[in-house]
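What follows is one structure encoded as structure tokens, with my remarks underneath.
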Amino acid sequence: TARAAIFDLDGVIVDTARYHYLAWKRLAAELGFDFTEQDNERLKGVSRMRSLEILLEIGNCERAFSSEQKENLARQKNEWYVEYISRMTRSEILPGAREYLELLRECGKKTALGSASKNAPLILEKLGIASLFDAIIDGNKVRAAKPDPEVFLLGARELDIAPAECVVFEDAEAGVEAARRAGMRVVGIGSPQILSADLVVPGLHVMVALFQTELHSDM
Ligand code: B16
Ligand code: MG
């Protein structure tokens, strides 16, 4: 059974996708095109600059900006995003997330965060859960974006646990692939139609419910 659990942040611990969406939509509006919730699905788990490229593709204007202008557009989006998440409260932690982290720690498992977001520290502070992680790996520490396994391998290294003894919780296909490439087991958060994980559950509240069952001890 696994000795450590590594958690993605957006979509697993908290639903920040909504705030990313609002900020990207605002940027698209300024550039003169619409950006839908369906378009936003393509940005989940993807890095900030890659997200911008996809957004500009959707607006058919990927060639209209220099790389310096793109940096500015990404900075503007992030300012709006930070404005939204600064107003977040503890009530926005997803059902079961806190309980599950606490259960794992009580039975001696190590926990880490493995997120692509550079804003992870602010989000953890707003939710009041930074102390529930033994290691925090975020967009400030990694160079290669998911599906590169770097973020999860760094997590295992900081926890001093072999990758094969880690289980990753991820909501994005790029993250599921990153976990596999790291040689870790992976639990998908979302729909089995979209995610090719070893086990897929709708949310961490289900992991809390499964906690003392055989399915959980096999993990
Ligand atoms: P930031 P995760 C990812 O977080 C988000 O899913 C993705 O939509 C976002 O673009 C990326 O973080 C970078 O975030 O702009 O805040 O640095 O799912 O890996 O926790
Ligand atoms: Mg995610």
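The values are calculated or read from the model by the stated rules, or taken from the named source; none is laboratory data. Bear in mind that the values here come from a model prediction, so they are computed numbers and not experimental data. Because the Cβ atoms are built from the backbone with ideal geometry, glycine has one as well, and the counts that use them run over all protein chains shown. Each accessible area value is taken on the protein alone, full model and side chains, heavy atoms only, with ligands, DNA and RNA left out. Shrake-Rupley method; radii C 1.70, N 1.55, O 1.52, S 1.80 Å.
Side notes on the structure shown:
- Angle in degrees between helix 97-106 and the longest Cα principal axis of the chain, rounded to the nearest 10: 30
- Accessible area per residue, Å², the stretch 158-214 with all protein chains present, probe 1.4 Å: 46
- Of the trypsin sites (Lys or Arg not before Pro) in the stretch 18-122, those whose Cβ has at most 10 other Cβ within 10 Å and which sit in DSSP loop: Arg63, Arg87
- Within the listed set Ala156, Ala164, Ala29, the residue fluctuating most in the Gaussian network model of the chain (springs between alpha-carbon atoms under 10 angstrom) is Ala29.
- Using the 1.4 Å probe convention, the accessible area of the stretch 63-108 works out to 62 Å² per residue with neighbouring protein chains retained.
- Eigen-decomposition of the gyration tensor built on the alpha-carbon atoms of the chain gives equivalent ellipsoid semi-axes of 31, 17, 16 angstrom, largest listed first.
- Lys, Arg +1 and Asp, Glu -1 on Cβ, resulting dipole of the stretch 44-126 about Cα centre, debye, nearest 20: 200
- Rounded to 5, percent antiparallel among DSSP beta bridges of the chain: 5
- Built amide H within the under 5 Å cut-off of Arg185, gap 5+: Cys166, Val168
- Cβ-placed point charges (K, R +1; D, E -1), dipole of the chain about Cα centre in debye, nearest 20: 380
- Working from Cα pairs under 8 Å separated by at least six residues, relative contact order for the chain is 26 percent.
- Over 18 Å between alpha carbons, listed pairs Lys25/Lys146; Lys25/Lys77; Lys77/Lys126: Lys25/Lys146; Lys77/Lys126
- Of the accessible area of the stretch 123-165, computed with a 1.4 Å probe over protein heavy atoms only, carbon and sulfur atoms account for 47 percent.
- Farthest positive-ward along the chain dipole, Cα basis, beta-carbon charges - from Leu113, Phe133, Val82: Val82
- Expected 222 nm ellipticity per residue - DSSP helices of 4 or more, -39500 (n - 2.57), all of the chain, to 500: -13000 deg cm²/dmol
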